[in-house]
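J.: Structure in structure tokens, see below.
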Amino acid sequence: MTHVMVDNLSMARSTLWESLPLFQDEEDQDIFDKLKTCPVFQDLPTRGLAVVKDRCHLRQYKENEHVFRAGEPGVGMYIILEGQVEIYRKEGELKRQFAILSEGEFFGEVALLEDLPRTASARALGYCRLMGFFRPDLMTLFQRKPRLASLILMNMARLTAHRLINTNQALEDCQKTMHASGQSELDRLSLVNPGQLVAGTADD
């Protein structure tokens, strides 16, 4: 009889746990949705996403306020919950803009893996709400939830590989364009009579 009561109690607790809502309000649900669509956390189970969410840090930024600047130590990644963020780098007196990111997009994820200086700056273009996930949070997951942390690392490796492939393709396309442009110039010059070139030089 006692064993039956214990089993029934355990089943009741299990059912209660499964029926409890993961998120208490709309903001929690919004954070969960953003995590779910972020490639870094792709294919994580629902409970795993909830664990990650609990380790995230909410930040608010005013217009023109920097999230970080080039050269500063990288501590982690950010997901945009609201607003827009400009990614850019100052090169002398010039400013090179890399991207303008909007709600749902992310940046700075390389800092989860390496303690390297930021290679670009991130600036809020208006009021922004961001969600940060930092390297110490990932290290804590390795200690407490190693399988979950390993899934995140696998996603990071996949994301890095895709970016390398895209970068290599862009370089190849650029080389082909430069080669085609140079070949066109050579073809144009080959059609010119050498005497015309000499005459033109003499006239100059």
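The values are calculated or read from the model by the stated rules, or taken from the named source; none is laboratory data. None of these values were measured; they are calculated from a predicted model. Cβ atoms come from the backbone with ideal geometry, glycine included; neighbour counts cover every protein chain shown.
J.: Could you list, in sequence order, all residues of the range 37-58 that are exposed (fewer than 14 other Cβ atoms within 10 Å of the Cβ) and either closer than 25 Å to residue 161 by Cα or touching a Lys or Arg at 6+ places or on another chain (Cβ under 6 Å) (or both)?
T.: Matches in the range 37-58: 37, 39, 43, 45.
J.: Please specify each residue of the range 64-101 satisfying the condition of being within 20 Å of residue 113 (Cβ to Cβ), in contact (Cβ under 8 Å) with a residue 40 or more places away in the chain and not charged (D, E, K, R).
T.: Matches in the range 64-101: 67, 68, 70, 71, 73, 74, 75, 76, 77, 78, 79.
J.: Any residue at all in the range 126-148 that's touching a Pro at 6+ places or on another chain (Cβ under 8 Å) and either surrounded by 13 or more Cβ atoms within 10 Å (Cβ to Cβ) or of a type in the set (Lys, Arg) (or both)? Walk me through how you get there before you give the answer.
T.: Our first condition is that a residue be touching a Pro at 6+ places or on another chain (Cβ under 8 Å); within the range 126-148, this holds for none.
Within the range 126-148, not a single residue is touching a Pro at 6+ places or on another chain (Cβ under 8 Å) and either surrounded by 13 or more Cβ atoms within 10 Å (Cβ to Cβ) or of a type in the set (Lys, Arg) (or both).
J.: Among the residues of the range 37-51, what is the count of those that are part of a helix (DSSP H, G or I), over 15 Å from residue 106 (Cα atoms) and touching a residue at least 60 places away in the same chain (Cβ under 8 Å)?
T.: Count: 2.
J.: If you don't mind, there's one more thing I want to ask. I'm checking my understanding of the structure. Among residues of the range 126-157 that are charged (D, E, K, R) and in contact (Cβ under 8 Å) with a residue 40 or more places away in the chain, which one is farthest from residue 64 (Cα to Cα)?
T.: 145
J.: Continuing with the same structure: Regarding the range 103-125, can at least one residue be identified that is of a type in the set (Ser, Thr, Tyr), surrounded by 19 or more Cβ atoms within 10 Å (Cβ to Cβ) and without any contact (Cβ under 8 Å) to a residue 60 or more places away in the chain?
T.: Within the range 103-125, one or more residues are of a type in the set (Ser, Thr, Tyr), surrounded by 19 or more Cβ atoms within 10 Å (Cβ to Cβ) and without any contact (Cβ under 8 Å) to a residue 60 or more places away in the chain.
J.: Taking the stated definitions as given, is residue 67 crowded, with 19+ Cβ neighbours inside 10 Å and assigned to a helix (DSSP H, G or I)?
T.: It is false that residue 67 is crowded, with 19+ Cβ neighbours inside 10 Å and assigned to a helix (DSSP H, G or I).
Each row is one residue, and each column tells you yes or no for (1) at pLDDT below 95; (2) among the small types (Gly, Ala, Ser).
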| site | (1), (2) |
| --- | --- |
| 23 | yes, no |
| 40 | yes, no |
| 50 | yes, yes |
| 60 | no, no |
| 90 | yes, no |
| 116 | yes, no |
| 119 | yes, no |
| 124 | no, yes |
| 127 | no, no |
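J.: Related question: Which residues, taken from the range 126-141, are aromatic (Phe, Trp, Tyr) and part of a loop (DSSP other than H, G, I, E, B)?
T.: Within the range 126-141, the first condition is being aromatic (Phe, Trp, Tyr), and the residues that meet it are 127, 133-134.
Scanning the range 126-141 gives a single hit, 127.
J.: Considering each of 90, 62, 95, 36 in turn, give the residue that is of a type in the set (D, E, K, R) and closer than 25 Å to residue 154 by Cα.
T.: The unique qualifying residue is 36.
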